[in-house]
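Participant: Here it is, the structure in full.
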Amino acid sequence: MTTWMVAGNWKMNNTAAEGVALAQEIIAGLPDIAGRGEVVLAPSFTVLRSVYDVIKGSPVTLASQNIFFEDKGAYTGEISAAMLRDAGCTYAIIGHSERRKYFHETDGNVNLKVKKCLAAGLKPIICVGETDEEREAGITEFVVGIQVKKALAGINDLAHVTIAYEPVWAIGTGKNATPVEAEEVHEFIRNILSDVYGSPAVETRILYGGSVTADNFGELIAMKDINGALVGGASLKSGNFLGIISRALERNT
Ligand code: PEP
């Protein structure tokens, strides 16, 4: 069975001191997850190294919230895969809807970033999801299907790839998809992966993201194709985040 992942996307929150304090609380409260699942923290770039110093040697791993697809050079404000590895990252979140909306990231950019990640030994967490208007128009699968296929164009191996289905209308809104709504899209994504990659797609983690809390996650993680969560708001308080991890652990029992 695919092990679950609970990843906390801190977005543009927490100074280094605040991030260290939050990571310390999470480590202190973390139950034994060995062999059962994975917990990932995604602080801002400036906070990565400080948080890494707290989590190293623990079962918690580190992700960046973005990455650039060139190796080095005149790209003011950008950050390379090598720099992120150097800061202790195992994962990189790619194509978050806030990056697509505010920074005009395209599916083509996402694909370049996924390729760069994999080439550099970082594992991409690729975000896909439809807007409210797209769901209302009945084109959720069309939109998500294109995002998944374009993100993975030219990628031969899914072994280090995680997908996060994050309906845009559910991010930071308190409106989360019902377990059945989410599962429909997760199953659709799994089928796309199976069509292209065959049986290894069964092992690919597909996370749900969008207003996940400890209260609603138990029913989501119980669904067949939901393998964890990408958590925004509820990852900023250790108690809330640890509560979500507890729901994931209950899935193992
Ligand atoms: C996110 O930012 O990826 C997210 C899912 O945010 P929230 O949990 O706050 O909806």
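The values are calculated or read from the model by the stated rules, or taken from the named source; none is laboratory data. This is a predicted model, so every value here is computed, not measured. Note: ideal-geometry Cβ built from the backbone for every residue, glycine included; neighbour counts use all protein chains shown. To get the accessible areas, we keep the full protein, side chains included, count just its heavy atoms, and leave off ligands, DNA and RNA. Shrake-Rupley method; radii C 1.70, N 1.55, O 1.52, S 1.80 Å.
Participant: Leaving ligands, DNA and RNA out of it, report the carbon-plus-sulfur percent of the accessible area of the chain at a 1.4 Å probe.
Facilitator: 53
Participant: Also, quick follow-up: Along the positive direction of the dipole of region 81-160 (beta-carbon charges: Lys, Arg +1; Asp, Glu -1; about the Cα centre), which of 128, 103, 155 reaches farthest?
Facilitator: Farthest towards the positive end: 155.
Participant: Follow-up question, since we're still on this one. Which value, to two decimals, describes the C-alpha radius of gyration of the chain once divided by 2.2 N^0.38 Å?
Facilitator: 0.93
Participant: Where does the charge balance sit around residue 247 when Lys and Arg score +1, Asp and Glu -1, over other residues with C-beta under 12 Å from its C-beta?
Facilitator: That works out to -2.
Participant: Using the Cα centre as the reference, give the magnitude of the dipole from point charges on the C-beta atoms of region 149-211 (Lys, Arg: +1; Asp, Glu: -1; all else neutral), rounded to the nearest 20 debye.
Facilitator: 200
Participant: Moving to a separate point now. With +1 on the Cβ of every Lys and Arg and -1 on the Cβ of every Asp and Glu, and nothing else charged, how large is the dipole of the chain about its Cα centre, in debye rounded to the nearest 20?
Facilitator: Dipole of the chain, to the nearest 20 debye: 680 debye.
Participant: Ranked highest first by the average count of other Cβ atoms within 10 Å around their residues, in what order do 222-231, 176-185 fall?
Facilitator: Ranking, from highest mean packing down: 222-231, 176-185.
Participant: Can you tell me the accessible area per residue over region 4-250, all protein chains present, probe 1.4 angstrom, in square angstrom?
Facilitator: 43
Participant: Using +1 at the C-beta of Lys and Arg and -1 at the C-beta of Asp and Glu, which of 92, 51, 140 has the Cα lying farthest in the positive direction of the dipole of region 4-250?
Facilitator: Positive-end residue among those listed: 51.
Participant: Taking K and R as +1 and D and E as -1, what net charge do the other residues with C-beta under 13 Å from the C-beta of residue 36 add up to?
Facilitator: Every neighbour counted, the sum reads -1.
Participant: Still on this structure, please answer the following. Tell me which aspartates and glutamates have Cα within less than 20 Å of residue 237's Cα, excluding those fewer than 8 residues away on the same chain?
Facilitator: Partners found: 18, 25, 32, 38, 53, 215.
Participant: I would also like to ask the following. With springs only between Cα atoms under 10 Å apart, run a GNM on the chain and tell me which of 68, 103, 188 wobbles the most.
Facilitator: Between 68, 103, 188, it is 103 that shows the largest mean-square fluctuation.
Participant: Let me ask something additional. Given H placed 1.01 Å from N in the peptide plane, which residues other than close sequence neighbours of residue 64 have an amide H under 5 Å from its amide H?
Facilitator: The list, which skips near neighbours in sequence, is 91, 92, 93.
Participant: Can you give me the long-range amide H partners of residue 205? Hydrogens built in the peptide plane at 1.01 Å from N, cutoff under 5 Å, separation of 5 or more residues or another chain.
Facilitator: Excluding prolines and chain starts, which carry no amide H, the hits are 163.
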